[in-house]
Amino acid sequence: MKVVGLGGSLGAPSRSLAALRLALSGAAESGADTQLLDLRELHLPLYVPTDTSVPDGARRLLDAAGSCDAMVWSSPLYQGTVSGAFKNALDWLHLLGDHDPPFLSDRIIGLVATAGGVHGLQAVNTMEFSVRALRAFAIPLVVTVGLSVQAFDDEGNLTDIAVRTSLEDLGREVARIASRFHASDKLESECAKAAKRLAMAAA
Ligand SMILES: Cc1cc2nc3c(=O)[nH]c(=O)nc-3n(C[C@H](O)[C@H](O)[C@H](O)COP(=O)(O)O)c2cc1C
């Protein structure tokens, strides 16, 4: 079970990144292998559809997203929606369109947003459109951290214990749902193999 966290802002410290780390720690506690993709470290240029070059950061993003079972996305709320940097990362995922199955098919995704005010849900709702466009599944539980300067201090350390619990619960839930989802995949392939063995034995 591999869970990839994608997000943070280009600022430092980033409260949306701190929130993402906590959600990933919940997934890790549930036995998932986790990988953090910090947007600030990826140095993604703006996605240009007609460019054929794929910079290192974009390659890391595509490899991680293309090989995981589940993801956690975390963006700050910027002007009532996701940040431009976060949306640009999603645009790079367009290059997974040629994969089989395409884009993020069958991935389970947990959604997190941090906001200066109290309406972080707008970013989460925007993300959900992209989850569907990329053919993935968003889990019902989401976490929005409103009044983020009160939840995390200026070094990005958590100051609100209830927020920690919510974020870790989200990570655990992503891992739980993804393992159930992929267990049924395994069961199907085991059944197909058993049916093949029976057919060969009968022949
Ligand atoms: C460009 C910009 C736009 C923002 N727009 C909003 C907004 O529309 N609503 C809101 O509640 N907070 C807004 N904020 C505050 C951020 O959402 C909040 O500080 C968030 O936790 C920042 O996350 P970060 O530390 O990961 O950068 C904005 C901040 C910036 C820099």
Open item on the list: Criterion first (buried (at least 21 other Cβ atoms within 10 Å of the Cβ) and more than 13 Å from the chain's Cα centre (by Cα)) does residue 85 satisfy it?
Closed with: no
Open item on the list: Please verify whether residue 118 is β-branched (Val, Ile, Thr), part of a loop (DSSP other than H, G, I, E, B) and in contact with a strand residue (DSSP E or B) (Cβ under 9 Å, 6 or more places away or on another chain), treating the condition exactly as stated.
Closed with: yes
Open item on the list: Of everything in segment 14-50, what is part of a loop (DSSP other than H, G, I, E, B) and either under 30 Å from residue 149 (Cα atoms) or at pLDDT below 95 (or both)? Give them in sequence order.
Closed with: 14, 30, 32, 43, 44, 45, 46
Open item on the list: Just the residues that are within 17 Å of residue 86 (Cα to Cα), more than 16 Å from the ligand (Cβ to nearest atom) and in contact (Cβ under 8 Å) with a residue 60 or more places away in the chain, please, taken from segment 105-135.
Closed with: 109, 110
Task: Matching entry among 23, 58 (being closer than 28 Å to residue 164 by Cβ and within 16 Å of the chain's Cα centre (by Cα)) - done: 23
Open item on the list: Please go through (1) in a helix (DSSP H, G or I); (2) closer than 24 Å to residue 65 by Cα; (3) of a type in the set (Gly, Ala, Ser); (4) free of Cβ contacts under 8 Å to residues at least 60 places away in the same chain for residue 171 and return the number of the only condition it doesn't satisfy.
Closed with: (4)
TODO: Just one of (1) crowded, with 24+ Cβ neighbours inside 10 Å; (2) free of Cβ contacts under 8 Å to residues at least 60 places away in the same chain; (3) not in a helix (DSSP H, G or I) trips up residue 73, so point out which.
DONE: (2)
Task: Contacts under 8 angstrom Cβ, first residue in segment 140-165 being hydrophobic (A, V, I, L, M, F, W, C) and assigned to a loop (DSSP other than H, G, I, E, B), partner modelled with pLDDT under 95 and within 13 Å of the ligand (Cβ to nearest atom), 6 or more apart - done: 147/118
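The values are calculated or read from the model by the stated rules, or taken from the named source; none is laboratory data. Small disclaimer: the values here were computed from a predicted structure and weren't measured. Quick reminder, even Gly has a Cβ in these numbers, built from the backbone with ideal geometry, and neighbours come from all protein chains shown.
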